[in-house]
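Below is one structure, written out as structure tokens; the observations come after it.
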Amino acid sequence: MKRVLTQQEIDAAFQGSANLRKEADRSYTPYDFSRLDRIPKSQLRAIHLLHENFARNLASSLSAYLRTYLILNLASIEQISYSEFVEGITAPSCIAYIGLQPYDGTAVLEMSPSLVFDLIEILLGGGGKGAAQPKRKITEIEESLVQMLLRIFLQDLREAWKSVTDIDFAVQSLASEPQWLHVLAPAEAVVVIAIEMRIGTNSGLVNLALPSIFIKRLRDKFEQLQQVRRAESTERDQARVSRTILSSRTEFEAVLSGGTMSLGEFLGLEADRVIVLGSGQPSFSGILNGREKWTGWAVSVGDRRAFQIVGEI
């Protein structure tokens, strides 16, 4: 039989659904899918240390290759969206797409145009003194020179990452306009490593953007690296302290001790008088940094005088 609900029953049903909605609002919060999934601070610290070593090694490699003095310092490491990274690139620029084999994904390397033209000038025999730089794209001939520099850059980067895992960083292509950078989704997170390069009076930034998803896949390897470093740090600290102690300067004295005499005998001493010291026992005291440490004899070793330890005080 069909039954018709009363008005009170209808009001109670609607009131119950309203209460359910309120409970749902209290229990759940909207999720923003564009929010960046942050990388742990411990992993960022490991990346910071890794690229500090990379910057030092790259400065040595480029200085030797170019036969000029370069200074490289790690400026910053930050996690931002890929769209923010692209918006910060000026046009035209020198941009390289970097493969991360055997892992999926592509990194982006961007170099300040003023740095690129200075490096090219040095490669071609110039001084790279920071003269006015042309605001244009690099030519095909200049691209080949940049490829040579990038090989050195990526070789040192490959060596730096070997402490974590083996990665074959390789240039896939070069570009000059940031709007062509469609290798990642705009909302995808990237870790941007900014390295300041100084050539003479000119300076600029080299920015390396690594996909956050690529770094997250290596979380286990970073944890293993931290465990190894903690174990090695203890042994390394002990060795460092030992080296410091072993190389420290000490002062040693051998003091002749003997019997006693009256003041009158002492004042009556003359040349050729003999003073008998001790009673046949070791009469020299070995003093280390002002503290009596050993007893011993005065002996000869070749043409040098020495102290032979007999006992410890």
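Rundown of residues vs (1) within 27 Å of VAL164 (Cβ to Cβ); (2) surrounded by fewer than 14 Cβ atoms within 10 Å (Cβ to Cβ); (3) in contact with a Phe, Trp or Tyr (Cβ under 8 Å, 6 or more places away or on another chain), yes/no style:
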position	(1), (2), (3)
ASN57	yes, no, no
LEU66	no, no, no
GLU78	yes, yes, no
PRO102	yes, yes, no
GLU110	yes, no, no
PHE117	no, no, no
GLY127	no, yes, no
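A quick yes/no check of all residues on (1) more than 24 Å from the chain's Cα centre (by Cα); (2) modelled with pLDDT of 90 or more; (3) of a type in the set (A, V, I, L, M):
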residue	(1), (2), (3)
GLU87	yes, no, no
ALA91	yes, no, yes
LEU100	no, yes, yes
ALA107	no, yes, yes
GLY127	yes, no, no
ALA132	yes, no, yes
SER144	yes, no, no
PHE153	no, yes, no
THR165	no, no, no
Next item on the list: Residues being over 11 Å from ILE77 (Cβ atoms), within 9 Å of the chain's Cα centre (by Cα) and among the hydrophobic types (A, V, I, L, M, F, W, C): count how many of those fall in region 43-62.
Entry: 2
Check: Of all residues in region 140-175, how many are under 28 Å from ARG67 (Cβ atoms), touching a strand residue (DSSP E or B) at 6+ places or on another chain (Cβ under 7 Å) and in contact (Cβ under 8 Å) with a residue 24 or more places away in the chain?
Finding: 10
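If you check ARG243 against the conditions, is it more than 19 Å from ILE287 (Cα to Cα), at pLDDT below 75 and basic (Lys, Arg)?
Judged against the criteria, ARG243 is not a match.
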Checklist line | Filtered residues of region 79-99 (kept if closer than 23 Å to VAL116 by Cβ and of a type in the set (A, V, I, L, M)) | finding: VAL86, ILE89, ALA91, ILE95, ALA96, ILE98
Item checked: Residue within region 127-140 that is part of a loop (DSSP other than H, G, I, E, B), touching a Gly at 6+ places or on another chain (Cβ under 8 Å) and among the charged types (D, E, K, R) present -> yes
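The values are calculated or read from the model by the stated rules, or taken from the named source; none is laboratory data. Remember, it's a predicted structure, so these values are computed and weren't measured experimentally. Cβ atoms come from the backbone with ideal geometry, glycine included; neighbour counts cover every protein chain shown.
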